[in-house]
Amino acid sequence: MRGNVRRMALAVGAVAALGAVAAAPAAAEEYGLQPGRQSASLSTTQAGAHPDVVVTLDLNRDARNVALLGTKQTGAALPPGLVGNPTIAATCSFDAINRIISGRADTDPCPREAAVGSIKLDVAYPGVRVALPQWTRRLYRLPTQADEPAAFGTTVLGYPVKMVAEGRSDGDYGLTVIAPRLPESVYLNRFEATFWGVPADHQGPGDLWDGILSSRGAKDYMYFGGPLAGAPRKAFMSNPSSCTGNPLSFDLMVQPWVRSQLYSETVQTPAVTGCDAVPFEPSIEVRPASSVAGAPSGYEVDIVVPQSDDADTLSTAHLKDATVVLPEGTAISPPVADGLQTCTDAQLGLDSRDREACPFASKIGTVTLDTPLLEEPLTGGIYQGTQQSSDPASGEMYRLFLTAAGSGVRIKLRGNISVNPATGQLTTTFVDNPQLPFSRLSLTFKGGDRAPLVNPHSCGEKTATAKLTAWSGAVRDVSSSFAIDQGCPTGLFAPSFTAGTLDPAAGAYSPFAISIGRADGEQDLDRLTFAFPLGVVGMISNVPLCGEAAANAGTCGEESRIGSLTVATGTGGAPLQLPGRLYLTDAYGGGAFGISIVVPAIAGPFDLGTVVVRGAIHVDRATAQITIASDPLPAIVGGVPLHMRAIDVRVDRPQFMFNATSCQRQVVGTNLTGTGGGTATPSHPYQAKGYDRLPYTARLKLTVGARGKTKLNRTTPLTALLTQPVGQTNSKSISVLLPRSINARLEALRNPCELEDYRAERCGRTGLIGDASAITPVLREPLRGNVYLVRNPARRLPDIMVALRGQVAIDVTGIVRVAAGTFQLGTRFNTIPDVPLTRFRMTFRAGRGALLGTAQNLCAKQSRTAAARIGFRSQARGLTRVFQRLSTRGCGAQAAKATANASAKAKAKAKAQARASARAIAGGR
């Protein structure tokens with residue numbers, strides 16, 4: 001219950017024409033209420049009972065017992081919860097009241113059933129300046145105007161007087177009864193108003209006289225106060241149902257005609273008791289408009305509180321707090337945020353009698369409130385309140401405003417929705433509701449694709465529960481069940497998938513796009529894995545990598561951004577579109593690199609935070625194929641189940657992604673996992689175009705020998721240097737057969753590293769035969785590593801394995817063959833990745849464990865003119881064979897002079913052969 005000062009302010013506000021403040025009690029010679037002479041009483045203090053309510057106002061008077069000024073209006077602000085139900089009474093027109101005044105009626109022109117109370121007057125005429133005898137008048141229920149909750153009529157010295165009951169919509173929702181315009185020519189000394197708890201007990205004949213004078217004498221109908229025979233005993237007034245132990249306060253006020261000042265006083269009656277006897281048997285009904293599983297749906301939520309006007313029954317306790325828990329699965333639907341606005345507390349105007357100013361786009365439903373106090377129900381809207389927290393469980397992230405108005409009453413309520421952040425289950429709470437009776441409160445949430453609520457995704461009986469607390473302290477746990485039995489999930493998981501570069505020109509830069517779609521009713525997406533076609537890679541060297549902390553927090557800089565994405569969330573025909581960004585990061589999840597997918601969850605007016613999903617970028621050691629594997633996708637954000645319908649990714653950083661140079665028909669592969677355990681592996685075809693127009697001018701230079709490593713039967717080093725300009729088709733395979741002057745050493749071939757040790761990088765010096773390095777424009781730093789002989793169970797001879805390490809790990813495999821008799825070493829590298837290499841160097845070492853030895857003196861004329869047979873195969877062309885002379889090192893000056901004459905002819909021949917080879921390579925023959 002509000003304090004007296006607050007309650008008096010409410011009474012003042014109910015009289016909009018005044019705008020004055022309450023005055024202190026006046027002295028005897030001043031106009032005002034006599035201090036200590038005002039009173040209010042209830043015939044019973046039983047909570048929910050039906051008392052006669054008596055309010056007395058006694059004004060200051062002069063020595064002749066006459067009021068000092070004429071009173072314009074009187075009023076009384078009743079305590080919250082003390083209410084009257086005028087609908088139980090008949091009505092009497094104001095015209096009939098005038099007929100009583102004029103004495104033109106021989107019988108009562110107003111139905112006895114219209115009387116709801118009485119007034120007792122002590123008045124004087126200012127000209128006479130003497131007090132007149134007191135008498136009592138009936139108080140009739142009048143028909144109401146559109147803005148009046150209730151109206152009552154009576155007479156004062158031949159003048160009709162109207163009294164209006166108003167709801168304090170700007171405060172505690174108690175009732176204020178005002179007589180706004182008393183006769184100006186009548187001075188009011190004392191005013192006593194009585195509202196009957198059970199009008200039928202007072203509407204019949206009795207000892208009270210209404211004081212109307214007539215030349216034909218008093219009429220029978222002028223006496224009243226007893227029971228009305230045959231009238232149903234219905235309750236008009238009802239006590240509050242809240243037993244706080246505090247007295248009930250009545251704020252009484254008067255205002256003279258000649259002043260705008262209000263004069264007021266607060267009086268009290270004993271507290272009501274016996275709340276445990278007050279009935280309270282509410283129920284709840286929850287009904288979705290659709291019974292389709294997982295579909296957006298309108299919802300109706302009704303709180304029913306049975307009311308009774310039986311005078312022999314205590315009134316139902318008023319609802320104080322309501323907490324409604326919808327079934328798990330009935331959740332906020334993401335598409336509702338599309339176009340949604342919110343209403344601020346200021347726009348709601350909770351403590352204002354004015355109509356709410358909430359934006360139309362914030363309205364998500366309608367309200368209907370049936371109350372026994374009014375002939376027509378109150379109607380209004382459900383509005384989405386502004387977000388005041390980022391914690392969905394707080395009740396301040398999602399808020400509801402309810403408004404209902406009609407017949408001069410305006411109710412505004414503010415509710416909170418607490419959302420389970422793990423399940424999305426909704427709990428809505430409204431506390432300290434008005435102490436007003438209602439029989440049914442109906443909330444209807446809008447339907448359609450942008451409905452605020454979505455049905456559970458599983459079929460079966462769903463149960464909503466509610467905890468309803470009365471002002472009496474009674475608590476009732478109630479429930480309501482409904483069936484979801486259409487569109488039941490089948491457990492299918494068959495998402496759609498398309499992917500590829502927007503411009504498939506071989507070797508050219510192009511954005512890469514990926515689209516995944518899922519139908520309603522299928523399992524939600526959980527994990528995503530994409531396998532790019534061979535040769536489709538990104539220019540990592542052009543992108544500063546985002547660090548781990550920033551990648552996890554979703555705060556990577558724009559310099560690390562490689563693309564964008566759009567996520568469509570929610571069910572129905574209009575899912576919510578959320579834009580996001582894609583960043584390249586340091587190594588993550590066992591991959592060579594990582595990605596950070598950042599989606600700011602700004603859903604209409606709601607900020608649900610930033611969603612960050614990490615992914616690992618793996619590079620296949622044998623093929624350099626790129627595979628991206630995501631972490632689990634979020635199923636719920638900010639308490640809102642996402643139910644992702646589509647994910648569209650575009651890697652569109654300029655000069656980042658580029659096409660393969662291979663002519664091979666390939667696919668973009670996926671491995672998608674659903675939340676129900678389903679898997680799907682859709683793919684999309686891919687083939688680069690125009691690969692046959694790319695040039696290919698790879699060069700391989702072989703250098704053999706070193707000081708002291710050229711004589712017969714010595715181990716000798718050999719270096720192979722492959723070079724190629726950028727912008728060409730890449731090499732696919734290269735084979736080399738060394739000349740007879742060099743042979744393979746059986747000792748090395750017999751002591752390779754085991755394959756499992758190589759894969760685990762445990763070879764150490766076992767099988768170690770050299771080292772290698774590679775430079776590619778794709779990476780920022782060169783790759784370097786050792787060269788091993790590795791036993792391959794699939795072949796008789798060991799393989800040559802080049803372990804290139806750096807930002808990525810790449811294994812280049814050479815298949816070894818040794819010519820019978822001559823032991824010439826041949827190697828075919830036939831799985832070279834479709835990645836640009838501007839420089840590749842591999843050196844076979846001399847010394848212990850060396851792979852190569854001299855079968856001739858390398859400085860001899862015959863050896864120095866020997867050539868290796870080399871086969872080049874590009875990603876887009878056939879095999880090209882060339883003969884390549886070896887460059888020999890370690891030969892002295894004498895040997896060089898001995899071969900100078902012979903080499904002139906050989907050089908000319910070699911140049912011609914080189915030109916022919918170049919033409920063959922360029923032509924792809």
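Annotations
- Every residue from the stretch 856-878 that is under 60 Å from the mean Cα position of the chain (by Cα) and not in a strand (DSSP E or B): Gln875, Ala876, Arg877, Gly878
- No other residue among Gly821, Gly826, Gly853 is in contact with a strand residue (DSSP E or B) (Cβ under 8 Å, 6 or more places away or on another chain) and either surrounded by fewer than 21 Cβ atoms within 10 Å (Cβ to Cβ) or of a type in the set (S, T, N, Q) (or both) apart from Gly826.
- Exactly one residue among Thr566, Thr555 is of a type in the set (Val, Ile, Thr), surrounded by fewer than 22 Cβ atoms within 10 Å (Cβ to Cβ) and either within 19 Å of the chain's Cα centre (by Cα) or under 26 Å from Val667 (Cα atoms) (or both), and that residue is Thr566.
- Screening Gly487 against (1) at negative phi; (2) touching a Gly at 6+ places or on another chain (Cβ under 8 Å) leaves a single unmet condition, (1).
- Of the set (1) more than 30 Å from Pro654 (Cβ to Cβ); (2) exposed (fewer than 15 other Cβ atoms within 10 Å of the Cβ), all apply to Ser496 but (1).
Residues checked against (1) modelled with pLDDT under 95; (2) surrounded by fewer than 19 Cβ atoms within 10 Å (Cβ to Cβ):
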site	(1), (2)
Glu281	no, yes
Glu285	no, yes
Gly298	no, yes
Asp302	no, yes
His318	no, no
Thr323	no, yes
Asp338	yes, yes
Cys343	no, no
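- Filter result for the condition that a residue is at negative phi, part of a loop (DSSP other than H, G, I, E, B), free of Cβ contacts under 8 Å to residues at least 24 places away in the same chain and within 56 Å of the chain's Cα centre (by Cα), over Arg762, Arg780: Arg762
- Test for Thr681: is it farther than 30 Å from Phe829 by Cβ and without any contact (Cβ under 8 Å) to a residue 60 or more places away in the chain: yes
- For the stretch 724-740, the condition holds for no residue, the condition being that it is over 30 Å from Cys663 (Cβ atoms), among the hydroxyl-bearing types (Ser, Thr, Tyr) and assigned to a strand (DSSP E or B).
- Listing of strands (runs of 3 or more DSSP E) fully contained in the stretch 421-531 that carry 1 or more residues being among the β-branched types (Val, Ile, Thr), under 23 Å from Val640 (Cα atoms) and touching a residue at least 24 places away in the same chain (Cβ under 8 Å): 426-430, 440-445, 460-470, 475-484, 512-517
- Some residue of the stretch 261-275 being surrounded by fewer than 22 Cβ atoms within 10 Å (Cβ to Cβ) and under 39 Å from the mean Cα position of the chain (by Cα): no
- Filter pass, Gly339 being in the same structural domain as Ile303 (by TED's automatic domain parsing) and in a loop (DSSP other than H, G, I, E, B): yes
- Checked against (1) more than 30 Å from Leu534 (Cβ to Cβ); (2) out of contact with any Gly (no Cβ under 6 Å at 6 or more places or on another chain), Thr729 passes all but condition (1).
- For the stretch 583-612, a residue qualifies if it is surrounded by fewer than 19 Cβ atoms within 10 Å (Cβ to Cβ), of a type in the set (A, V, I, L, M, F, W, C) and within 11 Å of the chain's Cα centre (by Cα), and exactly one does: Ile602.
- Residues of the stretch 384-438 satisfying the condition of being surrounded by 17 or more Cβ atoms within 10 Å (Cβ to Cβ), within 21 Å of Asp170 (Cα to Cα) and hydrophobic (A, V, I, L, M, F, W, C): Leu400, Phe401, Leu402, Ala404, Ala405, Val409, Ile411, Leu413, Phe430, Leu436, Phe438
- Criterion violated by Leu721 - all others in (1) surrounded by fewer than 21 Cβ atoms within 10 Å (Cβ to Cβ); (2) part of a loop (DSSP other than H, G, I, E, B); (3) more than 53 Å from the chain's Cα centre (by Cα) satisfied: (2)
- Qualifying residue in the stretch 827-848 (condition: small (Gly, Ala, Ser) and touching a helix residue (DSSP H, G or I) at 6+ places or on another chain (Cβ under 8 Å)): no
The values are calculated or read from the model by the stated rules, or taken from the named source; none is laboratory data. All figures in this text were calculated on a predicted structure; none of them were measured in a lab. Cβ sites come from the backbone with ideal geometry, for glycine too, and all protein chains shown count toward neighbours.
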